[in-house]
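Below you'll find the structure, written out as structure tokens, and then a few comments.
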């Protein structure tokens with residue numbers, strides 16, 4: 001079996017640049033009364049999944065908008081989300097037990113730094129960073145993360161696991177700029193550290209086995225959809241120790257479209 | 001006759017100054033033998049070129065590099081699970097078994113993937129753990145932490161050398177799992193603290209470590225008995 005030929009085939013299948021149809025993304029989200037507000041994502045992200053690098057696109061102030069900067073704008077939205085979420089959680093009296101505060105202060109510190117870093121990176125690329133969206137962390141009343149600590153942890157886990165997959169899905173879109181790529185990888189692994197810690201605080205393993213988020217509500221299924229994959233470039237990762245181990249040994253990407261959709265659940 | 005130089009460096013630790021991510025404070029991990037292949041400081045010595053494997057060029061070199069590090073991790077955890085340290089808890093037994101599974105899967109994946117792409121496949125390396133006490137929890141945890149953090153830093157620093165986007169995605173799928181491992185190990189060592197994603201490795205921009213192959217091979221060299229070169233990256 002020629003692994004390399006199979007790897008070539010993956011790029012033909014738009015492996016990480018597939019733009020899902022609206023219908024597909026809406027029906028793949030467990031409905032809890034709120035339509036995926038894809039339209040509420042700031043301008044520019046709609047073009048995020050074009051495969052070839054776009055030519056410079058003059059769009060009112062965003063002089064050098066392209067696939068790479070779109071990827072950074074998506075990352076920035078996710079960092080805005082995490083940053084505000086943890087800041088709110090830490091400032092909500094009585095929510096986070098003292099014994100857990102150190103962990104969330106460290107995570108919050110990193111997310112805040114990521115926001116700043118991404119904004120600076122976009123600016124250095126002559127692109128205006130997108131504005132922070134207005135977030136609703138209850139997702140239209142489906143969650144109560146700031147009155148119920150167990151729900152705070154659930155969403156924290158969901159956000160971190162989403163972040164890992166979202167960054168991973170954008171790697172190909174930023175690889176043309178080696179400095180940006182390396183920085184994206186360096187943020188991506190921090191999110192993975194966060195995810196592992198939050199998962200373990202919820203009595204889960206630090207890694208994702210099959211598509212099971214681990215005591216997570218059905219509304220978060222999109223965060224874990226596809227994680228059960230046990231074929232990597234034609235190699236059966238389940239052969240040695242079973243599907244749980246094989247699937248856990250690799251984290252899967254999220255397309256920009258799917259990452260947008262998940263984030264949109266929390267954007268007004 | 002050209003010979004590989006072995007330097008005994010008793011008492012040296014893996015703390016390479018600013019490269020503190022491999023510092024094993026309190027454990028006293030020492031490098032008993034160092035194959036100098038990874039270091040280019042000595043022009044005066046010749047190396048056994050004909051028998052020393054070179055990782056190769058381009059993406060093949062990067063894949064072989066990843067394969068080498070996964071071999072190391074797989075070898076280490078195999079030893080851990082074949083002789084769990086005394087007093088190990090059920091939870092830690094399960095955790096180390098998972099790590100063993102994942103790294104063996106990674107290793108075997110790279111062997112298959114590289115074999116499908118080239119005949120220049122890194123052979124099975126030999127490893128050594130001169131100052132690791134596999135029967136001591138602290139020693140095993142400290143070594144696991146060093147290896148996982150090294151893996152993360154290596155992948156993060158190697159991404160920019162990959163030209164095939166499919167390979168980049170594969171590397172990305174693996175590095176985040178290594179980071180999950182590292183976080184868990186660090187949390188076991190220092191529970192309830194920020195160590196899982198500590199200030200010793202995450203900078204003021206919130207960025208994790210990224211290290212050049214040269215630095216990684218130098219630092220990990222103490223574990224690797226079998227010499228290899230990666231001339232394209234200035235190693236050996």
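Test of understanding: among A:143, A:117, which residue is surrounded by 19 or more Cβ atoms within 10 Å (Cβ to Cβ), at pLDDT 95 or above and within 14 Å of another protein chain (Cβ to nearest Cβ)?
Working: A:143 fails: within 14 Å of another protein chain (Cβ to nearest Cβ).
Of the residues listed, the single one that is surrounded by 19 or more Cβ atoms within 10 Å (Cβ to Cβ), at pLDDT 95 or above and within 14 Å of another protein chain (Cβ to nearest Cβ) is A:117.
Given (1) in a helix (DSSP H, G or I); (2) more than 9 Å from every other protein chain (Cβ to nearest Cβ); (3) over 18 Å from residue A:75 (Cβ atoms), where does residue A:260 come up short, assuming only one miss?
Just one mismatch for residue A:260, condition (3).
Quick one: is residue B:115 surrounded by fewer than 18 Cβ atoms within 10 Å (Cβ to Cβ), in a helix (DSSP H, G or I) and more than 7 Å from every other protein chain (Cβ to nearest Cβ)?
Working: surrounded by fewer than 18 Cβ atoms within 10 Å (Cβ to Cβ): yes; in a helix (DSSP H, G or I): yes; more than 7 Å from every other protein chain (Cβ to nearest Cβ): yes.
When the stated conditions are applied, residue B:115 passes them.
Out of all the residues in region A:201-213, which are touching a helix residue (DSSP H, G or I) at 6+ places or on another chain (Cβ under 9 Å) and more than 8 Å from chain B (Cβ to nearest Cβ)?
Taking region A:201-213 first, the residues touching a helix residue (DSSP H, G or I) at 6+ places or on another chain (Cβ under 9 Å) are A:201-202, A:204-213.
Result: A:201, A:202, A:204, A:208, A:209, A:210, A:211, A:212, A:213.
What are the residues in region B:121-163 that are within 13 Å of chain A (Cβ to nearest Cβ) and assigned to a loop (DSSP other than H, G, I, E, B), if any?
Of everything in region B:121-163, those that are within 13 Å of chain A (Cβ to nearest Cβ) and assigned to a loop (DSSP other than H, G, I, E, B) turn out to be B:121, B:162, B:163.
It is to be established whether one or more residues within region A:201-212 are modelled with pLDDT of 95 or more, in a helix (DSSP H, G or I) and crowded, with 23+ Cβ neighbours inside 10 Å. Show your work before the answer.
Kept after step one, since they are modelled with pLDDT of 95 or more, are these residues of region A:201-212: A:201-212.
Of the ones still in play, those that are also in a helix (DSSP H, G or I) are A:201.
Okay, now just the ones that are also crowded, with 23+ Cβ neighbours inside 10 Å, so none.
Within region A:201-212, none of the residues are modelled with pLDDT of 95 or more, in a helix (DSSP H, G or I) and crowded, with 23+ Cβ neighbours inside 10 Å.
Let me confirm something: among A:95, A:122, which residue is part of a helix (DSSP H, G or I), away from chain B (no Cβ under 13 Å) and in contact (Cβ under 8 Å) with a residue 12 or more places away in the chain? Steps first, answer last, please.
Numbers: A:95 fails: part of a helix (DSSP H, G or I).
Exactly one residue qualifies, and that residue is A:122.
For region B:182-209, which residues satisfy the criterion of being in contact (Cβ under 8 Å) with a residue 24 or more places away in the chain, within 7 Å of chain A (Cβ to nearest Cβ) and either part of a helix (DSSP H, G or I) or within 13 Å of the chain's Cα centre (by Cα) (or both)? Before you say what the answer is, go through the steps one by one.
Going residue by residue through region B:182-209, those that are in contact (Cβ under 8 Å) with a residue 24 or more places away in the chain are B:182, B:184-186, B:188-189, B:200-201, B:208-209.
Those still in the list that are within 7 Å of chain A (Cβ to nearest Cβ) too: B:182, B:184, B:208.
Hits for region B:182-209 are B:182, B:184.
Among the residues in region A:149-156, are any part of a helix (DSSP H, G or I) and within 14 Å of chain B (Cβ to nearest Cβ)? Break it down stepwise before answering.
Just the residues of region A:149-156 that are part of a helix (DSSP H, G or I), to begin with: A:149-156.
From the residues that got through so far, the ones that are within 14 Å of chain B (Cβ to nearest Cβ) too are A:156.
The answer is yes; a qualifying residue exists.
Quick check on my filter: what residues within region A:213-233 are in contact (Cβ under 8 Å) with a residue 60 or more places away in the chain and outside any loop (DSSP other than H, G, I, E, B)?
Across region A:213-233, the qualifying residues are A:218, A:219, A:220, A:221, A:222, A:223, A:224.
Would region A:183-200 turn up any residue that is more than 10 Å from chain B (Cβ to nearest Cβ), part of a helix (DSSP H, G or I) and at pLDDT 95 or above? So that I can check it myself, show each step before the final result.
Restricting attention to region A:183-200, the residues satisfying the condition of being more than 10 Å from chain B (Cβ to nearest Cβ) are none.
So far as region A:183-200 goes, no, none of its residues is more than 10 Å from chain B (Cβ to nearest Cβ), part of a helix (DSSP H, G or I) and at pLDDT 95 or above.
Going by the conditions given, is residue A:70 within 11 Å of chain B (Cβ to nearest Cβ), touching a residue at least 40 places away in the same chain (Cβ under 8 Å) and either within 16 Å of the chain's Cα centre (by Cα) or surrounded by fewer than 20 Cβ atoms within 10 Å (Cβ to Cβ) (or both)?
Working: within 11 Å of chain B (Cβ to nearest Cβ): no; touching a residue at least 40 places away in the same chain (Cβ under 8 Å): yes; either within 16 Å of the chain's Cα centre (by Cα) or surrounded by fewer than 20 Cβ atoms within 10 Å (Cβ to Cβ) (or both): yes.
In short, no.
Taking region A:230-256 only, how many residues are more than 9 Å from every other protein chain (Cβ to nearest Cβ), surrounded by fewer than 23 Cβ atoms within 10 Å (Cβ to Cβ) and within 19 Å of residue B:166 (Cα to Cα)?
Qualifying residue count, region A:230-256: 3.
Name every residue in region B:83-92 that is part of a helix (DSSP H, G or I) and either modelled with pLDDT under 95 or within 22 Å of the chain's Cα centre (by Cα) (or both), in order of residue number. Even if it seems obvious, please write down each step before you answer.
Start the filter on region B:83-92 by keeping residues that are part of a helix (DSSP H, G or I), which leaves B:90-92.
Matches in region B:83-92: B:92 only.
Taking the stated definitions as given, is residue A:93 out of contact with any helix residue (DSSP H, G or I) (no Cβ under 6 Å at 6 or more places or on another chain) and buried (at least 20 other Cβ atoms within 10 Å of the Cβ)?
For residue A:93, the condition - out of contact with any helix residue (DSSP H, G or I) (no Cβ under 6 Å at 6 or more places or on another chain) and buried (at least 20 other Cβ atoms within 10 Å of the Cβ) - is not met.
Can you say whether residue A:156 is surrounded by 23 or more Cβ atoms within 10 Å (Cβ to Cβ) and closer than 19 Å to residue B:175 by Cα, as far as the supplied structure shows? Steps first, please.
Numbers: surrounded by 23 or more Cβ atoms within 10 Å (Cβ to Cβ): yes; closer than 19 Å to residue B:175 by Cα: no.
Answer is no for this residue.
If you check B:101, B:106, which single one turns out to be within 23 Å of residue B:196 (Cα to Cα), in contact (Cβ under 8 Å) with a residue 24 or more places away in the chain and in a helix (DSSP H, G or I)? If you could, list the steps in order and put the result at the bottom.
Numbers: B:101 fails: in contact (Cβ under 8 Å) with a residue 24 or more places away in the chain.
Within the list B:101, B:106, the selection yields B:106.
The values are calculated or read from the model by the stated rules, or taken from the named source; none is laboratory data. A quick note: this is a predicted structure, and the numbers were derived from the prediction, not measured. Glycine also receives a Cβ, built like all others from the backbone with ideal geometry; neighbour counts cover every protein chain displayed.
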